[in-house]
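Undergrad: Would you mind keeping the following structure in view while I ask a few things?
The values are calculated or read from the model by the stated rules, or taken from the named source; none is laboratory data. Note that the structure is predicted; figures quoted are calculated from it, not measured. Virtual Cβ from ideal backbone geometry, glycine too; neighbours counted across all protein chains shown.
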Amino acid sequence: MVGKSKIVYLIAGMLLTALAAVGIVLPLLPTTPLLLLAAWCFANSSEKCHQWLMNHRLFGPIIKNWHENKCIPKRAKIIAVASILIFGTYAVGFAIEQPVIRIAGTVFLLIGLISVLRIKVCP
């Protein structure tokens, strides 16, 4: 059973990392929480993958800053807020036609925006 759970964690870590990468450009996918979950999955399945993620030039600093200081870099915060506002506004204002999905998208965008704004900026 231990072997199977490691495989499940490994696959989940890979999927979460891929979603986090997509989340860099799509405002509805929160990059940092996905990376934190991926790091946890890799820590429970593959030391090699965990070290790769922790040492990754783009993802590693995000995870380390969060673990050590519960903060994100100023640039990441600006990009996150701008992405939410630009792409989110486009999505719910122009690309989505169904009112229910528009409302749900707006709610998720607002939750994401408020969450990002509440995170402190690393010194």
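Undergrad: Does Asn69 meet the test of being in contact (Cβ under 8 Å) with a residue 12 or more places away in the chain and polar (S, T, N, Q)?
TA: yes
Undergrad: Let me ask something additional. Within segment 100-108, does at least one residue satisfy the condition of being among the basic types (Lys, Arg) and under 18 Å from Pro33 (Cα atoms)?
TA: For segment 100-108, residues among the basic types (Lys, Arg) and under 18 Å from Pro33 (Cα atoms): absent.
Undergrad: Quick check on segment 107-117: of everything there that is modelled with pLDDT under 90 and surrounded by fewer than 15 Cβ atoms within 10 Å (Cβ to Cβ), which residue is farthest from His67 (Cα to Cα)?
TA: Filtering first and then ranking leaves Ile111.
Undergrad: Ok, one more. Among residues belonging to segment 56-73 that are farther than 16 Å from Pro123 by Cβ and in contact with a helix residue (DSSP H, G or I) (Cβ under 8 Å, 6 or more places away or on another chain), point out the one that is surrounded by the most Cβ atoms within 10 Å (Cβ to Cβ).
TA: Going through the qualifying residues, I end up with Phe59.
Undergrad: Another one. If I filter segment 36-48 for residues that are under 30 Å from Lys4 (Cα atoms), among the hydroxyl-bearing types (Ser, Thr, Tyr) and either out of contact with any His (no Cβ under 8 Å at 6 or more places or on another chain) or in contact (Cβ under 8 Å) with a residue 12 or more places away in the chain (or both), do I get at least one hit?
TA: Yes: segment 36-48 contains one or more residues that are under 30 Å from Lys4 (Cα atoms), among the hydroxyl-bearing types (Ser, Thr, Tyr) and either out of contact with any His (no Cβ under 8 Å at 6 or more places or on another chain) or in contact (Cβ under 8 Å) with a residue 12 or more places away in the chain (or both).
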